[in-house]
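Quick note: the coordinates plus some simple rules give every number you see, no bench work behind them. Source: prediction; values computed, not measured. Ideal geometry is used to build each Cβ from the backbone, glycine not excepted, and the neighbour counts take in all protein chains shown.
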Amino acid sequence: KEQRKENHKSVAGGMKNTAALILLFLFSQVVLKIIKHYQEEGQGSEVVQGVLLGLVVDDRLEITNCFPFPQHTEDDADFDEVQYQMEMMRSLRHVNIDHLHVGWYQSTYYGSFVSRALLDSQFSYQHAIEESVVLIYDPIKTAQGSLSLKAYRLTPKLMEICKEKDFTPEGLKKANIGFEHMFEEVPIVIKNSHLINVLLWELEDKSTVADKHELLNLSSSNHLEKSLQLLMDRVDDMSQDIVKYNTYSRNLSKQQQQKHQYLQRRQQENAQRQSRGEPPLPEEDINKMFKPPQPPPRMDTLLIAGQINNYCQNVKEFTSQNLGKLFMAEALQGHN
Amino acid sequence: MGCLSAHGTSAAVVCVVGLKSQSGVSMGSSGRSSFTVLPSLLRLRERCATTLYSLKPVSRGGTGSSSLSCLLKVTDFVAGLEKALLTSLYSGSTDQLTALRLRLLGLLRGSDVSRILIRSGICTEPFGTLLLAVPSSKMSVFGPVVKIHPVVLASICDSYERRNEGASRVIGTLLGTIDKHSIEVTNCFSVPHNESEDEVAVDMEFAKNMYELHKRVSPTEVIIGWYATGFDITEHSVLIHEYYSREASNPIHLTADTALQSGKMNIRAYVSAQMGVPGKTVGVMFTPLTVKYVYYDTERIGVDLLQRTRVTPSRTKGLTSDLSQVAGSAARIQDMLTTVLAYIEDVLSGKVTADNSVGRFLMDLVNKVPTISAEDFENMLNSNINDLLMVTYLSNLTQAQIALNEKLVLL
């Protein structure tokens, strides 16, 4: 494993430090494998995960293969995972498959993937390998008609913050990071070799199945309902967080006032005592008396805000598509 | 001659090429195949003639005899092509070979109308039977049907591209599920092996290991057979098949011709059967099975996107989003409609004889648009649009809200 890290570091060192990935090349078998994995093992709101393998070429990341992770059903999941991964990579190396670990993929339920777990995982990946991405596959959106795969990385700013683990309000203010700057999206391009091209021609010849025009399906209320429900939950979380923060800041300011008052009283007393000729009262440790309240960690708020943003984007995309479809239906009726 | 005979030509060529490769494959290396091919061409002609007579009721009107003659012309043409192919194989001139291959491929891509009409699901019946009639009557239906997912084929192609120096073919294990009447192949992995003239070595440990790992992810998949790239079945294949019969009962053997020796990637499946004189020399014969491609819904959509990478010269395609997807889908439907309209124009102007089943499908198509009173439709449309607009407004509002919150915190 050390040698692998060395390999990665040398590869990463060859690139610029900020590792600005312009493009992501995705090979077809990866797409098909991810789709198959979710279809077979991940019904419902279970999340399926797996590892992406590939190469870094100039400023592009080429993902050439992938393998899935088993579900966490046993208790000793951790140990199994690492061993499973090592075995898989070793075996794949024998058959000349790129064994460079370049990222991981995860399926998502209606777009809710901005969570602490994802952040931590992606941070550890990106810390080890500069160019790693997380590929989010949305099966529900895909079933509605168009393949939905998005690749994300953490911005350098967020990497800094995670490194220092400083999630207090002051720390975040220093970094000046907003929820929009948490993840950056890398555009994906699907690439095929010539042989796969021939295969695709074959498939088209042999399978005379009708084109699925799922995309032009008019029913939208189900999807809208679910999305709005999730959005409302998140907004509730957000408001709770805001309330917490408000109470904290109010407590803080109250405490400041109390401290101030105490100091003033002390000074007055001391002045009085001095005027009477008595020794002044000792200066007590103010900090021990007024313990500052704990600032709530702001990371969760940031994540929730990011998630809400994501939901809103998805909903807007969905509604714009549906508006287009509705206008098409109107045109059809108009000519009838 | 119009649309019906145009696709008749392509159908004929498909079946002819399919037959040729079928008969050439069963035994022997390429050296011996020339002897088996030439007599089979004569059989081809008979076959085409007989099938066309059986297809006559479908192609209405007086097109029977005319398409028969055109079919015979086609068989002559293809026979000529085959001869040229064989001579160039012997003489070893690869340029001629590739040129011929490309010509054959070009023929196969002909006839847009039939393809589009089938793909749009408007009429699968008449054209479908023409295209599929001959190959299925020739292919053996012994044994279960093999259903392959495209992910398996993509993996096979990929492992072929990554093979070691000097290896002429790649083998691997097939995983899947067995049903009563069909075998569904859903996954595969390649196994390293060494093959030379007299011996073959397969890394069995590796295969077992990989299978264990795969089983942890999808416990329902079992070993159902193995695959090999390449055109023929060699003696080594028999040995490997024997090994796999220890792992799975009655394994299937899949060949995928990734070297494109016959201009197509022939993907075929076989089961082994004992043959010979009992008590004396017993041999193994590989009997072919029917191969079908199945997709999950999401796979179908994924494959559709992948198909669109064929057209760009750099074989790449970005993922579009938003309204452009709807626009793309609408454009495709528009294309299909123009083709259908062109066909209708042809029929109306008398260039093509009308086919009743196509007409019935067209009636279905037109009647599918529901007739709703204008007022009701207006109401429905407006309420839907209002819902969508409201949701858009709410989400914009939420986004503005969280942005504000952020700014306030940073103050």
Suppose each label sits 7 Å from its Cα in the direction of the beta carbon; what would the B:A403-B:T220 distance come out to in nanometres?
4.6 nm
Mind checking which of A:L323, A:Q257, A:N310 is farthest towards the positive end of the stretch A:235-334's charge dipole, using Cβ charges of +1 (Lys, Arg) and -1 (Asp, Glu) about the Cα centre?
A:Q257
Would you please give the FRET efficiency between A:E81 and A:Q256, computed as 1/(1 + (r/R0)^6) with r the Cβ-Cβ distance and R0 = 41 Å, to the nearest 0.05?
0.25
Other chains near B:401-407: what is the mean number of their Cβ atoms within 10 Å of each residue's Cβ?
6
Taking the C-alpha atoms of the stretch B:145-298, how large are the radius of gyration and the largest Cα-Cα span, Dmax, in Å?
15.3, 52
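Which of the residue pairs A:K259/A:K291; A:K191/B:K208; A:K163/B:K407; A:K150/A:K191 have a Cα-Cα distance greater than 20 Å in the structure shown?
Pairs exceeding the cut-off: A:K191/B:K208; A:K163/B:K407.
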May I ask for the net charge around B:Q399, where only other residues with Cβ less than 10 Å from the Cβ of B:Q399 are counted and Lys, Arg are +1 while Asp, Glu are -1?
0
Return the FRET efficiency for the residue pair A:I140, B:A167: r is the Cβ-Cβ distance, R0 is 56 Å, and the value is rounded to the nearest 0.05.
0.85
Using a 7 Å offset from the Cα along the Cα-to-Cβ direction at both A:E269 and B:S357, what is the distance between the two label points in nm, to one decimal?
10.4 nm
Sort B:L305, A:L61 so the one with the fewest other Cβ atoms within 10 Å of its own Cβ comes first.
B:L305, A:L61
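By count of other Cβ within 10 Å, fewest leading, how are A:L52, A:L332 ordered?
The most exposed by this proxy come first: A:L332, A:L52.
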Over the whole of A:143-156, what's the average partner chain Cβ count within 10 Å per residue? Rounded to a whole number, please.
3
Using a 7 Å offset from the Cα along the Cα-to-Cβ direction at both A:R276 and B:N386, what is the distance between the two label points in nm, to one decimal?
7.8 nm
Could you run the Karplus curve 6.51 cos²θ - 1.76 cosθ + 1.60 with θ = phi - 60° over the stretch B:368-375 and give me ³J(HN,Hα) per residue in whole Hz, x for Gly and Pro?
5, 6, x, 9, 10, 5, 4, 5
Based on the Cβ-Cβ distance from B:Y243 to A:K163, what FRET efficiency comes out when R0 is 60 Å, to the nearest 0.05?
0.70
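Subtracting the Cα-Cα distance from 0.36 nm times the residue separation, let me have the gained length for B:I178 to B:Q334 in nm, one decimal. Show your work: numbers first, answer last.
Numbers: separation 156, 0.36 × 156 = 56.16 nm, distance 4.13 nm.
Value of the extension gain: 52.0 nm.
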Footprinting exposure proxy for B:T290, B:T338, B:T298 (fewest neighbouring C-beta atoms within 10 Å first)
B:T338, B:T290, B:T298
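Take peptide B:291-297, look around each residue's Cβ out to 10 angstrom, count Cβ atoms belonging to other protein chains, and average those counts. Can you show the working numbers first?
Values: counts 1, 2, 5, 2, 7, 6, 7.
Partner Cβ neighbours, averaged per residue: 4.
Just add up the charged neighbours of A:I304: K/R +1, D/E -1, any other residue whose Cβ is under 14 Å from the Cβ of A:I304. Spell out each step's value before the answer.
Numbers: positive: A:R116, A:R234, A:K244, A:R298; negative: A:E180, A:D233, A:D236, A:D237, A:D241, A:D300, B:E406.
Local charge sum for A:I304: -3.
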